[in-house]
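K.L.:
Quick one: the structure is below, questions incoming.
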Amino acid sequence: MGTEAAMQHVVVMRHGDRRDNAEPLWTAAAERPWDPPLTEGGRDGAYCAGRRFRRELGFPIHRAFASPFLRCAETAAEVVTALCAVDHDDDLRRLAGETVSVDPARVKEWLHWALELYRHLHLDPLPV
């Protein structure tokens with residue numbers, strides 16, 4: 001009586017569109033052909049998924065986890081960026097290729113090693 005059951009929500013998603021699927025010859029010259037990055041459309045799609053989560057889920061996302069594969073880290077970074085966007089104008093800025101202002105407190109924890117792995121590979125910096 002008077003006690004509420006604790007409820008936990010889990011959202012699972014797949015990574016965005018991979019470069020090797022869009023450009024089949026990419027793997028022939030790639031340094032890491034087993035670990036393709038996202039296409040620009042894949043990044044945009046991941047950001048838009050995060051934006052939809054922010055607007056439509058009806059509950060906050062506190063933690064995000066990702067596989068260490070580059071495409072998964074990139075997807076998570078875009079989703080977390082959208083979840084942490086400070087205002088709705090940031091959505092337009094991101095989709096125009098500009099930097100998004102984020103409040104990292106909006107997602108308390110996400111797998112930082114995925115971000116560090118991404119940076120270690122000397123690729124373009126993540127938008128977070």
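Any read-out appearing in this document is the output of simple, stated calculations on the displayed coordinates, not a laboratory observation. This structure is a prediction, so every number in the text was calculated from the model and none was measured. Glycine also receives a Cβ, built like all others from the backbone with ideal geometry; neighbour counts cover every protein chain displayed.
K.L.:
Once phi is turned into θ = phi - 60°, what whole-Hz ³J(HN,Hα) does the Karplus curve with 6.51, -1.76 and 1.60 give for every residue of segment 68-82, x standing for Gly and Pro?
P.N.:
Per-residue couplings from phi come out as x, 4, 3, 4, 6, 5, 5, 4, 4, 4, 5, 5, 5, 4, 5 Hz.
K.L.:
Between Leu57 and Ala29, what FRET efficiency follows from the Cβ-Cβ distance if R0 is 41 Å, with the result rounded to 0.05?
P.N.:
Taking R0 as 41 Å, the efficiency between Leu57 and Ala29 is 0.55.
K.L.:
Around Arg18, which amide H atoms from residues at least 5 apart in sequence, or from another chain, sit under 5 Å from its own amide H, with H modelled in the peptide plane?
P.N.:
Thr39
K.L.:
Also, I was wondering about something else. Towards the positive end of the charge dipole of segment 14-95, with charges on Cβ (+1 Lys, Arg; -1 Asp, Glu), say which of Trp26, Gly41, Phe69 has the farthest Cα.
P.N.:
Phe69
K.L.:
I would also like to ask the following. Taking K and R as +1 and D and E as -1, what net charge do the other residues with C-beta under 12 Å from the C-beta of Arg19 add up to?
P.N.:
That sum, taken over residues with Cβ under 12 Å, equals -2.
K.L.:
What list of ³J(HN,Hα) couplings, whole Hz, do you get for segment 12-26 from phi and the Karplus terms 6.51, -1.76, 1.60, once you set θ to phi - 60° and write x for glycine and proline?
P.N.:
Rounded to whole hertz, the list is 10, 9, 9, 4, x, 4, 8, 5, 5, 6, 7, 10, x, 7, 4.
K.L.:
Please list 32-42, 70-80 highest first by mean number of surrounding beta-carbon atoms within 10 Å per residue.
P.N.:
70-80, 32-42
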